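First up is the structure itself, then whatever we jot down about it.
The values are calculated or read from the model by the stated rules, or taken from the named source; none is laboratory data. Keep in mind that this is a model prediction, so the values were computed, not measured. Note that we place each Cβ from the backbone using ideal geometry, even for glycine, and neighbour counts take in every protein chain shown. Quick note on the areas: whole protein, heavy atoms, side chains included, nothing else; ligands and nucleic acids left out. Shrake-Rupley method; radii C 1.70, N 1.55, O 1.52, S 1.80 Å.
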Amino acid sequence: MNKFATLTVGAFLTVATVANAQTKEEGYKFTDIKRLPTTSVKSQDRAGTCWSWSTISFLESEIMRMGKDSVSLAPLYVVWNTYHQKADKYVRMQGKMNFGQGGASADVTWAIKEHGIVPLELYSGLNYGENVHAHGELDAVLKGYVDAIVSNPNKKLSTAWLRGYDAVLNEYLGAKPEKFNWKGKEYTPQTFATEACGLNMDDYISLTSFTHHPFYTQFAIEVPDNWIGEMSYNIPLDELMDVLDKAIDKGYTFSWGSDVSEIGFTRNGLAVVPDVNIKEMSDAEIAKWVKMPKSQQTAELLKKPGKEKEITQELRQIEFDNQLTTDDHGMHVIGKAVDQIGNKYFIVKNSWGDYGKYKGYLYASYPFVAYKTTSIMIHKDALPKDLKKKLGIK
């Protein structure tokens, strides 16, 4: 090979190396605008209890916001109490309601209001020979148990069935502590919630935005996991997004219920709504696009920040009415950020452990949140005064 050829090949390789580096650097780059205090990332593991982990994380941030000592609370203590109540209602309803691992933020506030809360270090919920949460067996046992009771083989329910059910919870999750010491003081779960944590469950409200109910009224969102009948304040989408944006500025985090089945929600810390218009592609581009596997289409869409769908109240409603927006997952929003072209995102703490590019966190674009939110739990004081007055919130 002559010198000229060597230089040419070398130059080509240099250009290729730079091009590859630019391609690799083409992805999303985020600048945090505000990140509010939160406890460490935890993992729900192989259990469908995101609703408890996310809402507990939200309440842990609330404790810090109020100037109390930081503490990790016990999501499985809430799960015990919620599963007990769900079984009682399922039997009373003769099996005509959803019974499973799923739930909502209201399950947590109800459970704490009724039964208090305990520190995570005192109640792990791991009482069945596992180091991680794996509820497949527990879920099957509980469902089989309550279905047997509903079938009423004695033609009259015994006085033992609920005690027997609770015994199953105790064996899998552990018996609930009635009193305990924490930092040199004795508490019950109820006094720990109010005195040590400073929590008042009446301070927390649920917000949503749908047009099949009147705005500025309350309704129970029609999703299977809302078995408890949580009432949400219904406000227009632009007002909802304004509340969430300004809440972070004022120091309030919030619990976020969302659909995560969209192509733009990835396991590597991103939730976006790419605006792909097939009609604007050339014939060659369409042919190439259609032939791509779904995974490759996703990779192409998420190479770098771009235009996202314009989310309207009508589009959001259509997705919900057609059951394309479902109550998949609960998370905790703790801040906001922008990408390198100025698109706005919420910083989200997840409950899948220390995974992905952002170590258990993800960035959800404002259009994604507007599009796929089912409900929000937030402190009532995060709302503007005029909106609180309009909703009748004191």
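Of note:
- Cβ-Cβ distances below 7 Å connect the following pairs, each with a first residue in region 143-163 that is part of a loop (DSSP other than H, G, I, E, B), a second residue that is surrounded by 10 or more Cβ atoms within 10 Å (Cβ to Cβ), and a separation of six or more residues or different chains: Leu157/Ile149.
- Residues in region 212-240 that are under 17 Å from Thr109 (Cα atoms), in a strand (DSSP E or B) and either open to solvent by 70 Å² or more (accessible area, probe 1.4 Å) or β-branched (Val, Ile, Thr) (or both): Met231 alone.
- Cβ-Cβ distances below 7 Å connect the following pairs, each with a first residue in region 315-344 that is farther than 21 Å from Phe254 by Cβ, a second residue that is of a type outside the set (A, V, I, L, M) and part of a strand (DSSP E or B), and a separation of six or more residues or different chains: Asp339/Phe30; Asp339/Tyr345.
- If the condition is being on the phi > 0 side of the Ramachandran plot and open to solvent by less than 60 Å² (accessible area, probe 1.4 Å), then region 139-181 contributes Asn152, Gly174.
Results for (1) within 23 Å of Glu178 (Cβ to Cβ); (2) among the polar types (S, T, N, Q); (3) in contact with a Pro (Cβ under 9 Å, 6 or more places away or on another chain); (4) part of a helix (DSSP H, G or I), shown as yes or no for each residue.
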residue: Ser57; (1), (2), (3), (4): no, yes, yes, yes
residue: Glu62; (1), (2), (3), (4): no, no, no, yes
residue: Gly67; (1), (2), (3), (4): no, no, no, no
residue: Thr82; (1), (2), (3), (4): yes, yes, no, yes
residue: Gln85; (1), (2), (3), (4): yes, yes, no, yes
residue: Tyr90; (1), (2), (3), (4): no, no, no, yes
residue: Phe99; (1), (2), (3), (4): no, no, no, no
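- Look at (1) under 21 Å from Thr39 (Cβ atoms); (2) crowded, with 16+ Cβ neighbours inside 10 Å and you find that Asp354 fails only one, number (2).
- Some residue of region 19-31 being outside any loop (DSSP other than H, G, I, E, B), out of contact with any Ser or Thr (no Cβ under 7 Å at 6 or more places or on another chain), modelled with pLDDT of 95 or more and open to solvent by less than 70 Å² (accessible area, probe 1.4 Å): yes
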